[in-house]
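Visitor: Below is the structure I would like to discuss, written out as structure tokens.
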Amino acid sequence: MKKTKEFNNILDECLERLLVKGETIEQCLQSYPEQVAELEPLLQTALATKGALIMQPRPEFKAKARYQFRSALQEVAFRRRRPLFGWVPRWATAVIIVLVLLLAGGGVVAAAGNSMPDNPLYPVKLATEQAQLALTPSDMNKAELYAKLADRRVVEIIYMANQGDVRQVEVITQRLDERLTMLARLASATVGGAPKALAPAEETVGDRDVRVRANNQAKLRTTLAYYAINHPAGLRAALDKAPESAKPALRRAIAVSVAGYERALKALD
Amino acid sequence: MQDEESLVRRAQQRDEEAFAQLYEAHFDKIYRYVAFKIGNKTEAEDMTQQVFLNALQSISSFKWRGILFSAWLFRIAHNQVVDYLRKKTKQATAPLGESLVSNDSNPQLMAEHKLDIEQLVSATKRLTRAQREVISLRFAGELPIAQVAKVMGRSQGAVKALQRSAIVALRKALLMAEGNEKD
């Protein structure tokens, strides 16, 4: 028992020297000449295992992922700097926003709906969207709403790029990325249990629920497939016309859009 | 890189730079762990990114109680892998080795690498779940034994014993596969 424990410790020490410190098998064996017969084959297997596991993510993916992660970090930092009703639950925040908007008047909300980021009513548009999200109950409806909001962000990016406002293009691209990340998460949550035949001859209430869900998934997939082509295409077209200063930010927006829809569509598979 | 504890404390205060450093330091290891466990390179990339986004959301809940930040990350990764595999059991997947083939442009190198990874993935199927986990954390994730023990909720002694039995079993499986190929 004691011998076994001792050997386990020796093996672990040698693995550490081999895998972390970069020593050779021979160096380890020299330290434990009595254990050579048992130790050597195990260290050879360990080294081969380590060699087979030298895998790296694709550099282009890593670059894209790094950018997305930085965007998520900035978004978190931004929310921390500007807590909006941080002390009340999310549903209460939504109710407060709705009340404020109602008091402000339906006309303001309607006018804000089409406002662009350089418009004073734009914060009302964002607040209305937050309220809509908070009050939307199901994952499927939320996913549809996120897709709609992503569409708005793309329109805003194109508009601000035409204005040459690089900072705004960057900020809205971050929002787009966040919307698409949430969309992929929700799309993934809605997947499962879809029947092969969408309209069986005799169906139970349970069957009907599954069928409705499958149809909603199909609808969402169609919307996303359309946006996956349309959004990057619209952004690329804007790239040709945009001032030079806005082009790097637009290229990032294209990358975010392509990756975001790819993720969301994959999540639906 | 600064010491991990101070980086994590700064990241908990939403210090962007600190979190970015932690991201860079651990991304490849988490990726290797996930790729080895799920057997698909492309999906491993997305899942690795998701591990870090989840960590970003919940970093305030991380507490220094003898557990390293890396071990905490691997727990998040482990949970995601378990969820993924549970979903995947109902779907047919591509052969593992093929999905894990490296992107090397050198065909000879690529073939050799493929052979290694195919053998390894196939051989680990003969291991127990705990043995596979030790191999994943120790060799793909490069965690020291003390942290493997924390992630797995076992004593260091138990993990060392498991590590030995895993390598022995792996060697047997690899030799057996080699013998079958020669026959």
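Visitor: Is at least one residue of the stretch B:53-73 more than 14 Å from chain A (Cβ to nearest Cβ), surrounded by 20 or more Cβ atoms within 10 Å (Cβ to Cβ) and within 14 Å of the chain's Cα centre (by Cα)?
Guide: yes
Visitor: Another question, if that's okay. Just for the stretch B:6-39: of the residues that are of a type in the set (Lys, Arg) and under 15 Å from residue B:136 (Cβ atoms), which one is nearest to the other protein chains (Cβ to nearest Cβ)?
Guide: Taking the candidates together, the pick is B:32.
Visitor: Where the second residue is among the small types (Gly, Ala, Ser) and the first is touching a residue at least 24 places away in the same chain (Cβ under 8 Å) and lies in the stretch A:2-23, which pairs have Cβ atoms under 9 Å and are six or more apart or on separate chains?
Guide: Final answer for the pair search is A:10/A:31; A:11/A:46; A:14/A:31; A:14/A:46; A:15/A:46; A:18/A:46; A:19/A:46.
Visitor: Could we say that residue B:108 is at pLDDT 70 or above and either in a helix (DSSP H, G or I) or not small (Gly, Ala, Ser) (or both) here?
Guide: No: the conditions fail for residue B:108.
Visitor: Which residues, counting only those in the stretch B:8-39, are part of a helix (DSSP H, G or I) and over 23 Å from residue B:79 (Cβ atoms)?
Guide: B:9, B:10, B:16, B:17, B:18, B:20, B:21
Visitor: Go through (1) within 38 Å of the chain's Cα centre (by Cα); (2) surrounded by 14 or more Cβ atoms within 10 Å (Cβ to Cβ) one by one and return the number of the condition residue A:25 breaks.
Guide: It is condition (1) that residue A:25 fails.
Visitor: Would the stretch A:49-58 turn up any residue that is in a helix (DSSP H, G or I), closer than 17 Å to residue B:21 by Cβ and touching a residue at least 24 places away in the same chain (Cβ under 8 Å)?
Guide: For the stretch A:49-58, residues in a helix (DSSP H, G or I), closer than 17 Å to residue B:21 by Cβ and touching a residue at least 24 places away in the same chain (Cβ under 8 Å): absent.
Visitor: Considering only residues that are in contact with an Asp or Glu (Cβ under 8 Å, 6 or more places away or on another chain) and among the hydrophobic types (A, V, I, L, M, F, W, C), look in the stretch A:29-60 and name the one that is nearest to the other protein chains (Cβ to nearest Cβ).
Guide: Across the stretch A:29-60, the extreme among qualifying residues is A:52.
Visitor: If we scan the stretch B:169-181, do we find a residue that is within 25 Å of residue B:76 (Cα to Cα), at pLDDT below 90 and in a helix (DSSP H, G or I)?
Guide: No, the conditions are met nowhere in the stretch B:169-181.
Visitor: Let me ask something else about it. Out of all the residues in the stretch A:259-269, which are part of a helix (DSSP H, G or I) and farther than 17 Å from residue A:69 by Cβ?
Guide: A:261, A:264, A:265, A:266, A:267, A:268
Visitor: Do the conditions hold for residue B:42, that is, is it within 10 Å of chain A (Cβ to nearest Cβ), touching a Pro at 6+ places or on another chain (Cβ under 9 Å) and either farther than 25 Å from residue B:127 by Cα or assigned to a helix (DSSP H, G or I) (or both)?
Guide: no
Visitor: While we're here: Those residues that are assigned to a helix (DSSP H, G or I), out of contact with any Lys or Arg (no Cβ under 9 Å at 6 or more places or on another chain) and within 12 Å of chain A (Cβ to nearest Cβ), I need them from the stretch B:132-155; list them, please.
Guide: B:134, B:135, B:137, B:138, B:146
The values are calculated or read from the model by the stated rules, or taken from the named source; none is laboratory data. These numbers come from a predicted model, not from an experiment. We place every Cβ from the backbone using ideal geometry, glycine too, and count neighbours over all the protein chains shown.
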